[in-house]
Amino acid sequence: MSLVWIVVLPFVGSLCAAFVPSHSRNAEAWLAGAVAVACVAMTLQCYPQITEGEVLRETLQWAPGLGLDLVFRMDGFAWLFAMLVTVMGALVVLYARYYMSAQDPVPRFFSFLLAFMGAMLGVVLSGNLIQLVVFWELTSLTSFMLIAYWYHRADARHGARMALTVTAAGGLCLLAGVMILGRIAGSYDLDVVLASGELIRAHSWYLPALILVALGALTKSAQFPFHFWLPHAMAAPTPVSVYLHSATMVKAGVFLLVRLWPVLAGTDEWFWIIGSAGLCSLVLGAYMAIFQRDMKGVLAYSTISHLGLITLLLGLNSSLALIAAIFHIMSHATFKASLFMAAGIVDHETGTRDLSRLSGLYRAMPLTATLATVGAAAMAGVPLLNGFISKEMFFTETIFISGNAITRIGLPAMAVIWGIFSVAYSLRFILQVYFGPSATDLPRKPHEPPFWMLFPSALLVMTCLVVGMIPARAVGPYLDMAARSVLGPDMPFYSLAVWHGWNLPLIMSLAAMAGGVVLYRMLGKYQQGTAVVPLIDRFHLDGKLIFEFLLVKLDALAVWLTQWLSTERLQVQLLLLICAVFASALIPLSNGGLPRSNMSVAPVEPAFALMWLVGAACAIGAATQAKYHRLAALSLAGAAGLATCMTFVWFSAPDLALTQLIVEVVTLVLLLLGLRWLPPRYKSVDDKQVPLRVRLRARTRRLRDLVLAIIAGTGLAVLSYAVLTRQAVEGISPFFIENSLPLAGGANVINVILVDFRGFDTLGEITVLGIVALTVFALLRRFRPAPESMELPVQQRDQDGQTGALPPDPHALLPTGPMMLPGVIVQLLLPIAGMVAVFFLLRGHNEPGGGFVAGLIVATAVILQYLVGGTAWAESRTRIFPQYWIALGLLCALGAGLAAWLAARPFLSALTWHTVLPLIGELHLSTVMLFDIGVFLLVIGATVLILVALAHQSRRGHRKQGTAYVEPGAGLATAPTAQASETPAGTSAYASKEN
């Protein structure tokens, strides 16, 4: 389980970090650092097996029948990348401890940072393509949180939104791409897909799959034309830039290209799509980096350029180029992370990163300047540093590229131009900040940072030196292990020696360094910097402007579609919806109509036909009265629902009948409460005072709706008849009936399907139910009834017909009268209903019942408390906290699923225990019962929460008018001002929060 814990532990640490007090910076840092170091240790434990060529796999069953299991896989390349993620994470935690201010909400920072680490490790160690995409999108979400950490700043919010929009959209493209790959390979398992390279490249869907996967990778790695989001993400704190934008997140795209290289590479399409994007990013990023004023801006564009180098190497369809790309992934992470740390130190100690204001910092910060100089030299490709090895390998691959004269000459030329640009911006980054005259207008007096803040950068710079001087010994075994895991037996020979003699790559490297020095001197007049290059500005190639322009156009398109396809009138929306459904139903029938009936029709029972005639008459009456009398329409609709309930009884479906009956009662009451606050109807269009043109238009609309209703209703009836009179060739019903008792241990097939066979669907449904209840409550908290609906009914007015104070509580005036009887019954009904609900809950697995029905029974009893006693009376006697019931219900349902996970079973699998208790006998326990209890609790909470939201409208409405209003049972009327601030005793969290 070590692979699982490598991924899970950061998420556990993230949850723990979120609850640490905000002033405990040391505790937060120790927690995050311990998690990162533990992940490093667990990854190192896997090295002996990985170095022997093994591929470690750990599987947690999820949906084996669909091929969707949680698979964690580690080979040499994944091990190397996991080490990069975890080691860099530990160094960033140490650096962030001294960088972050005491006023910053540090728990939120470390919580998001650890969550991102877990998501990134999930991407690296995923052995299933769908699982990889899930973690991929999770990295986009957590990076959005980190970039927007200082959300009070507009640039942080805009940068985070841009990053999330681009990378999440790319993730959706990646999902479509991997689904195509899985479809071609016949499995989403990574090992199966990697072994199907020839099959995938020969398939007709290869090009769409390649384009979609490339969109996912290029957006994540900020490659042209999606490079514009990375510079704007620099609004994040520097530790975030160190971790996400130099070492991990932006590397996820090139990681994916390397991972799928055996599957997708080797074609002309791969060469032109991946290689072209890499080449454009290589040159454009280096060119733009020269003219940035912000230190992090220089590093951001240089990151785009170096990622373009890796992408171009991967696009060359060469095994040696792949090895060079893997080497540069690691090299770039070391020197770029150290340079980001140096930029953060300068900002931390001086208060600015503006290159036009910084100068001569070497005198005040000699250690920082030395480390930054070495890191920049590695970025420029100076000999005896790891960047030089990478550049030599890159130049070598561009020289030996095959193809026409344009690629054979143009590619090496562009590589030299890139080298010139990289030397120029590296020189500017160092000379303009640390050398020259001392700056005099800095916000703070510069000085060296604390030792432990400087230590991570020093360690990374030392790594650059060691790798640059003895590359074969320092990284040779790890590089060979990673490349061999990707290339397999096709591993070519390569050399990591520092000196290969006087050859063309060395001459190109020396020419690039000399050209970079000359270019830096020529561009001296730009050293004070402009934000963009004049050539770029002239053609308006600003990525941010293009992004904002596209967003504006997308919003305009949405508005146009809304105007044409939507309306504020509910009737028109229903018209469009019904037409769309009707058209969708006609499509399957266009190829030949319905098949012949293969079942005989049972004779019509007179009693059943009479019941349906009554139900149909009630439905027609409800539709007729809906225009004029809402209460009558609702009552008739309830009668039609009762006919449906009796139909279920007639066809021996007691579970459905019981559920339908309770649902009808609860729905009827809630709708009655809601109808109370709707405004009255307008004048009928049949009124002679209405203009003739309006009356004709209304009658035409009524006729149109009538025709549409008849057609749609008849069509649905025909389809229902066709389904009931045709036996399916292969149905799923026999499987459930045959396996309900032996596999799930329950005789009630309906309940077994809901809580066992399709428990995951039920979990999603109750989650949606909880969300709907919370949404209704949130909306109604801000809802204010129409003024005309606030008036008291005629029965509640005083003798003069005024809407003044209500008479005293009838319960208080007539303690022994007939009005006391409903209150007593209601008080007795609640515990009785609870007992009945528990009875149905416990018997639901084998007899009619279950958590849903039991929850509705309790909710009905609570509703009666409100109806008879009133809001204040009910809440003063019963402490109701529906939001806790919803949360507890979800926790119980999730607990049933997690229990199966802990037992190494598929999620939501049933676990059973049998025991014998004294005086009770044999006791059968199962996690299915825990799941059903979760449904029971959530249904109660959701229903009562909506009820509370509706019931409180009466209190809120009369307070709005300043009326001295008292619910029945709340005592005598009080002054309006006192009533406006009063909340009933024992109420839930709702009345106290009302506005």
Practice item. Give the residue that is surrounded by the fewest Cβ atoms within 10 Å (Cβ to Cβ), with candidates limited to residues of region 909-950 that are among the small types (Gly, Ala, Ser) and modelled with pLDDT under 85. Key: Gly921
Exercise for review: Determine whether region 185-193 contains at least one residue that is in contact (Cβ under 8 Å) with a residue 40 or more places away in the chain and charged (D, E, K, R).
Suggested key: yes
Practice item. Kindly establish whether Phe116 is crowded, with 21+ Cβ neighbours inside 10 Å and under 21 Å from Ala160 (Cβ atoms). Key: yes
Study note, to complete from the structure: Here the residues within region 383-410 that are outside any helix (DSSP H, G or I), buried (at least 24 other Cβ atoms within 10 Å of the Cβ) and not hydrophobic (A, V, I, L, M, F, W, C) are none
Review point. Under 18 Å from Phe327 (Cα atoms) and in a helix (DSSP H, G or I) - does that describe any residue in region 276-283?
Key: yes
Review point. Quick one: what pairs do we get from region 764-782, first residue within 17 Å of Phe881 (Cβ to Cβ), second among the acidic types (Asp, Glu) and surrounded by fewer than 19 Cβ atoms within 10 Å (Cβ to Cβ), C-beta under 9 Å, 6+ apart or different chains?
Key: Arg781/Glu994
Practice item. Taking only region 192-231 into account, find how many residues are part of a helix (DSSP H, G or I) and more than 22 Å from the chain's Cα centre (by Cα). Key: 15
Practice item. Would you check which residues across region 419-444 are touching a Leu at 6+ places or on another chain (Cβ under 7 Å) and under 16 Å from Arg293 (Cβ atoms) and list them? Key: Ala424, Gln432, Val433, Ala439
Study note, to complete from the structure: Note on Pro489: of the conditions (1) touching a residue at least 40 places away in the same chain (Cβ under 8 Å); (2) part of a helix (DSSP H, G or I), unmet is (1)
Check your understanding: Among the candidates Ala376, Ala413, which residue alone is crowded, with 19+ Cβ neighbours inside 10 Å, among the small types (Gly, Ala, Ser) and either in a helix (DSSP H, G or I) or within 41 Å of the chain's Cα centre (by Cα) (or both)?
Key -> Ala376
Exercise for review: Identify the single condition in (1) part of a helix (DSSP H, G or I); (2) modelled with pLDDT under 85; (3) assigned by TED's automatic domain parsing to the domain that holds Ala380 that Met481 does not satisfy, given that it satisfies every other one.
Suggested key: (2)
Review point. Given the residues Leu371, Leu320, which is the only one that is touching a residue at least 40 places away in the same chain (Cβ under 8 Å), surrounded by fewer than 19 Cβ atoms within 10 Å (Cβ to Cβ) and assigned to a helix (DSSP H, G or I)?
Key: Leu320
Review point. Counting just the residues of region 910-937 that are touching a residue at least 12 places away in the same chain (Cβ under 8 Å) and assigned to a loop (DSSP other than H, G, I, E, B), which one comes out nearest to His845 (Cα to Cα)?
Key: Ala910
Review point. Out of (1) surrounded by fewer than 15 Cβ atoms within 10 Å (Cβ to Cβ); (2) more than 19 Å from Leu367 (Cβ to Cβ), the odd one out for Ser438 is which?
Key: (2)
Check your understanding: When only residues in region 809-843 that are buried (at least 18 other Cβ atoms within 10 Å of the Cβ) and modelled with pLDDT of 85 or more count, which is nearest to Leu890 (Cα to Cα)?
Key -> Leu841
Check your understanding: Looking at Leu519, Leu454, Leu496, which is the one that is touching a helix residue (DSSP H, G or I) at 6+ places or on another chain (Cβ under 9 Å), crowded, with 16+ Cβ neighbours inside 10 Å and part of a loop (DSSP other than H, G, I, E, B)?
Key -> Leu496
Practice item. Note down all Cβ pairs under 6 Å where the first residue falls in region 667-682 and is closer than 24 Å to Val694 by Cα, the second is modelled with pLDDT under 75 and of a type in the set (A, V, I, L, M, F, W, C), and they're at least six residues apart or on different chains. Key: Pro679/Ala786
Exercise for review: Please enumerate the residues belonging to region 857-884 that are more than 19 Å from Thr667 (Cβ to Cβ) and modelled with pLDDT of 85 or more.
Suggested key: Gln883, Tyr884
Point to revise | Residues located in region 161-191, provided they are under 24 Å from Arg484 (Cβ atoms), hydrophobic (A, V, I, L, M, F, W, C) and in contact with a Gly (Cβ under 7 Å, 6 or more places away or on another chain) | key: Leu190
Point to revise | Residue count, region 242-256 (criterion: small (Gly, Ala, Ser), more than 21 Å from the chain's Cα centre (by Cα) and more than 13 Å from Phe116 (Cα to Cα)) | key: 1
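The values are calculated or read from the model by the stated rules, or taken from the named source; none is laboratory data. Quick caveat: nothing in here was measured; it's all calculated off a predicted structure. Here Cβ is always computed from backbone atoms with ideal geometry, including for glycine, and neighbour counts include all displayed protein chains.
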